[in-house]
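S.K.: Supplied in structure tokens, the structure appears directly below.
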Amino acid sequence: VQLQASGGGLVQAGGSLRLSCAASGRTFSNYSMGWFRQAPGKEREFVGYISWIAGNTYYADSVKGRFTISRDNAKNTVYLQMNSLKPEDTAVYYCATYSGRRSLRFVDGYDYWGQGTQVTVSS
């Protein structure tokens, strides 16, 4: 599976962005997907997850109520809608396919990764 993340950019605090992650190579609809982010000098952290069957979603506490994950299997794309952005949301955002080898909140529970897209939130 190849993943291409896009939609990042510079936004003021309180603003919104929608990230996209386009997949190719295998049957996208069979994969549960996750979003992670990594700020400079910090470890990559879990943002959210969407299951492949029912579209169930789970979020990190830090983004719950502000971020929403959705997917369009017909377009092989998963989205991350980010509202009420804060400066602490500044990071490179990555999408990944969930392998099931570990809890969905851990980096090594995912196998295929996109290249990342930069999100910068100014105060």
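The values are calculated or read from the model by the stated rules, or taken from the named source; none is laboratory data. Source: prediction; values computed, not measured. No Cβ is skipped: glycine too gets one built from the backbone with ideal geometry, and neighbour counts run over all protein chains shown.
S.K.: Kindly evaluate Val11 against the criterion of being surrounded by 15 or more Cβ atoms within 10 Å (Cβ to Cβ), of a type outside the set (S, T, N, Q), assigned to a loop (DSSP other than H, G, I, E, B) and modelled with pLDDT of 95 or more. Explain how you work it out, then say what you get.
M.R.: On the way: surrounded by 15 or more Cβ atoms within 10 Å (Cβ to Cβ): yes; of a type outside the set (S, T, N, Q): yes; assigned to a loop (DSSP other than H, G, I, E, B): no; modelled with pLDDT of 95 or more: yes.
So Val11 fails the test.
S.K.: If you scan segment 114-123, which residues turn out to be outside any loop (DSSP other than H, G, I, E, B) and either touching a Lys or Arg at 6+ places or on another chain (Cβ under 8 Å) or surrounded by fewer than 18 Cβ atoms within 10 Å (Cβ to Cβ) (or both)? Give the derivation first.
M.R.: Taking segment 114-123 as the starting set, the residues that turn out to be outside any loop (DSSP other than H, G, I, E, B) are 117-122.
Answer for segment 114-123, where residues must be outside any loop (DSSP other than H, G, I, E, B) and either touching a Lys or Arg at 6+ places or on another chain (Cβ under 8 Å) or surrounded by fewer than 18 Cβ atoms within 10 Å (Cβ to Cβ) (or both): Gln118, Val119, Thr120, Val121, Ser122.
S.K.: Moving to a separate point now. Just the residues that are under 14 Å from Ala96 (Cβ atoms) and either more than 11 Å from the chain's Cα centre (by Cα) or of a type in the set (D, E, K, R) (or both), please, taken from segment 39-50.
M.R.: Across segment 39-50, the qualifying residues are Arg44, Glu45.
S.K.: Taking into account only those residues within segment 14-38 that are surrounded by 14 or more Cβ atoms within 10 Å (Cβ to Cβ) and farther than 17 Å from Val78 by Cα, which is nearest to the chain's Cα centre (by Cα)?
M.R.: Filtering segment 14-38 for residues that are surrounded by 14 or more Cβ atoms within 10 Å (Cβ to Cβ) and farther than 17 Å from Val78 by Cα, the one nearest to the chain's Cα centre (by Cα) comes out as Gln38.
S.K.: Continuing with this model, one more query. Scan segment 20-37 and tell me whether some residue there is touching a Gly at 6+ places or on another chain (Cβ under 8 Å), under 18 Å from Asp108 (Cα atoms) and assigned to a strand (DSSP E or B).
M.R.: yes
S.K.: Being surrounded by fewer than 20 Cβ atoms within 10 Å (Cβ to Cβ) and acidic (Asp, Glu) narrows it down to one residue among Asp89, Asp111; which is it? Before the answer, list the steps.
M.R.: Values: Asp89 fails: surrounded by fewer than 20 Cβ atoms within 10 Å (Cβ to Cβ).
Asp111 is the lone residue from the list that is surrounded by fewer than 20 Cβ atoms within 10 Å (Cβ to Cβ) and acidic (Asp, Glu).
S.K.: Looking at segment 54-101, what strands (runs of 3 or more DSSP E) fall wholly within it and have at least 1 residues that are touching a Cys at 6+ places or on another chain (Cβ under 6 Å), of a type in the set (Asp, Glu) and at pLDDT 95 or above? Quick ask: steps written out before the conclusion?
M.R.: Values: elements: 57-59, 67-72, 77-82, 91-98.
It comes to none.
S.K.: Which residues, counting only those in segment 45-55, are within 22 Å of Thr120 (Cα to Cα), surrounded by 18 or more Cβ atoms within 10 Å (Cβ to Cβ) and either out of contact with any Leu (no Cβ under 6 Å at 6 or more places or on another chain) or touching a residue at least 60 places away in the same chain (Cβ under 8 Å) (or both)? I'd like the intermediate steps shown before the answer.
M.R.: Within segment 45-55, the first condition is being within 22 Å of Thr120 (Cα to Cα), and the residues that meet it are 45-49.
Keeping just the survivors that are surrounded by 18 or more Cβ atoms within 10 Å (Cβ to Cβ) gives 46-49.
Once the filter is applied, which keeps residues that are within 22 Å of Thr120 (Cα to Cα), surrounded by 18 or more Cβ atoms within 10 Å (Cβ to Cβ) and either out of contact with any Leu (no Cβ under 6 Å at 6 or more places or on another chain) or touching a residue at least 60 places away in the same chain (Cβ under 8 Å) (or both), segment 45-55 yields Phe46, Val47, Gly48.
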